[in-house]
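*Asks:* The structure follows.
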Amino acid sequence: MADLAGGRTRSELALRVASALVLIPFALFVVHQGGAWLACGAAVFAAVMGYEWCRMSGQGPVWLAAGALGLSNLAFLAVSAGWVSAVLGASALAFGALHGRGFALGAFGMLYAGGLPFALQVLREGGPWDGQAAALILMAIVWASDSGAYFAGRGFGGPALSTDSPNKTWSGALGAVICSVLSGAIAAGILEADLTAWMLFGAAISVAAQLGDLFESQIKRQFDVKDASGLVPGHGGIMDRVDGLGAVCFLAVAAFLAMPGLVGILGFQGS
């Protein structure tokens, strides 16, 4: 039995690594390029996550709303996409309501599925800071946090972090924070910024990412599903992979706007 369990663990790890080798270079490329590349990538991810929301919730037309919000991100390249998102999203949601779907559930699905990639796009393109550096470094720290949680949780085990996610443990959460703090120290060296501030910021990134992950776990529990989909072997769905990153991007944008001095302390001053 131990050999069987070990074989499953190695097989799952191999799938996770293979999927990461495809998704990570794609994500790094579109974020590094920004502009139209990122807008198109955000649109695709929003539409896919809209499909995953339909799969979990049983709603048919919600993917139209999520896809519309994602596609409207293209307008972000030149003009405000606010009215475009509102018109397209409201139209799709109205269509869903007329076909007997829950309006409130559909509205939340649209905002959740479309908002996660949009938050990354706003971090990269929408503020008075070095968006390229901010987005790439925060992505790397979130991935370090996820890796720390996975390996520490599998290696040490222990009490579950949440009843909604029995595979997530306190040891995994601590491992995630430690990896994020160390990644923050590396970021401080790269940006020649304050080491203490970056170590604290790294810890905050890990906590935010884990809260985003737990939030989606609660959603999946409500729908009684294990994964958003099976589109990403070893990981579940796209939504399962970007829930933490989306939460981090959203909170980072809010922090940078509310505390402009933080941008300078972290070394993200715009050119």
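The values are calculated or read from the model by the stated rules, or taken from the named source; none is laboratory data. Everything quoted here is computed from the prediction, not taken from an experiment. We place every Cβ from the backbone using ideal geometry, glycine too, and count neighbours over all the protein chains shown.
Residue by residue, here is whether (1) closer than 19 Å to L251 by Cβ; (2) among the charged types (D, E, K, R); (3) in contact with a strand residue (DSSP E or B) (Cβ under 6 Å, 6 or more places away or on another chain) holds:
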position: A134; (1), (2), (3): yes, no, no
position: V142; (1), (2), (3): yes, no, no
position: D146; (1), (2), (3): yes, yes, no
position: A149; (1), (2), (3): yes, no, no
position: L161; (1), (2), (3): no, no, yes
position: A185; (1), (2), (3): no, no, no
position: D194; (1), (2), (3): no, yes, no
position: S206; (1), (2), (3): yes, no, no
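*Asks:* Which residue pairs have Cβ atoms closer than 8 Å, lie 6 or more positions apart in sequence or on different chains, and pair a first residue in the stretch 121-133 that is in contact (Cβ under 8 Å) with a residue 60 or more places away in the chain with a second residue that is part of a loop (DSSP other than H, G, I, E, B) and polar (S, T, N, Q)?
*Replies:* Note: pairs meeting the criteria are D130/S271.
Residue-by-condition table, conditions (1) over 15 Å from the mean Cα position of the chain (by Cα); (2) crowded, with 18+ Cβ neighbours inside 10 Å; (3) at pLDDT below 90:
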position	(1), (2), (3)
G184	yes, yes, no
L191	yes, no, no
I205	no, yes, no
F223	yes, no, yes
G237	no, yes, yes
D240	no, yes, yes
Q269	yes, no, yes
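*Asks:* Identify, by number, the condition in (1) hydrophobic (A, V, I, L, M, F, W, C); (2) crowded, with 18+ Cβ neighbours inside 10 Å; (3) touching a Ser or Thr at 6+ places or on another chain (Cβ under 7 Å) that A160 doesn't meet.
*Replies:* (2)
*Asks:* Among the candidates G244, G234, single out the residue that is touching a residue at least 60 places away in the same chain (Cβ under 8 Å), part of a helix (DSSP H, G or I) and in contact with a Ser or Thr (Cβ under 9 Å, 6 or more places away or on another chain). Spell out how you get there, then give the answer.
*Replies:* Values: G234 fails: part of a helix (DSSP H, G or I).
Checking each option against the conditions leaves just G244.
*Asks:* Looking for something out of contact with any Gly (no Cβ under 9 Å at 6 or more places or on another chain), over 30 Å from V17 (Cα atoms), modelled with pLDDT under 80 and in a helix (DSSP H, G or I) - is there at least one such residue anywhere in the stretch 107-115?
*Replies:* Of the stretch 107-115, the ones out of contact with any Gly (no Cβ under 9 Å at 6 or more places or on another chain) are 108.
Those left that are additionally over 30 Å from V17 (Cα atoms): 108.
Then drop every residue that is not modelled with pLDDT under 80, which leaves 108.
Of the ones still in play, those that are also in a helix (DSSP H, G or I) are 108.
Yes.
*Asks:* Against the condition touching an Asp or Glu at 6+ places or on another chain (Cβ under 6 Å) and surrounded by 20 or more Cβ atoms within 10 Å (Cβ to Cβ), how does A228 come out, does it pass?
*Replies:* yes
*Asks:* Any residue that is on the phi > 0 side of the Ramachandran plot, among the small types (G, A, S), out of contact with any Lys or Arg (no Cβ under 8 Å at 6 or more places or on another chain) and at pLDDT 55 or above - is there at least one of those in the stretch 135-158?
*Replies:* Here is the first cut: in the stretch 135-158, the residues on the phi > 0 side of the Ramachandran plot are 157-158.
Within this subset, residues satisfying the condition of being among the small types (G, A, S) are 157-158.
From what is left, the residues that are out of contact with any Lys or Arg (no Cβ under 8 Å at 6 or more places or on another chain) are 157-158.
So of that shortlist, the ones also at pLDDT 55 or above come out as 157-158.
Looking for residues that are on the phi > 0 side of the Ramachandran plot, among the small types (G, A, S), out of contact with any Lys or Arg (no Cβ under 8 Å at 6 or more places or on another chain) and at pLDDT 55 or above, one finds at least one in the stretch 135-158, hence yes.
*Asks:* Here are the criteria: (1) assigned to a helix (DSSP H, G or I); (2) within 20 Å of F256 (Cβ to Cβ). Tell me which single one A193 does not satisfy.
*Replies:* For A193, the exception is condition (1).
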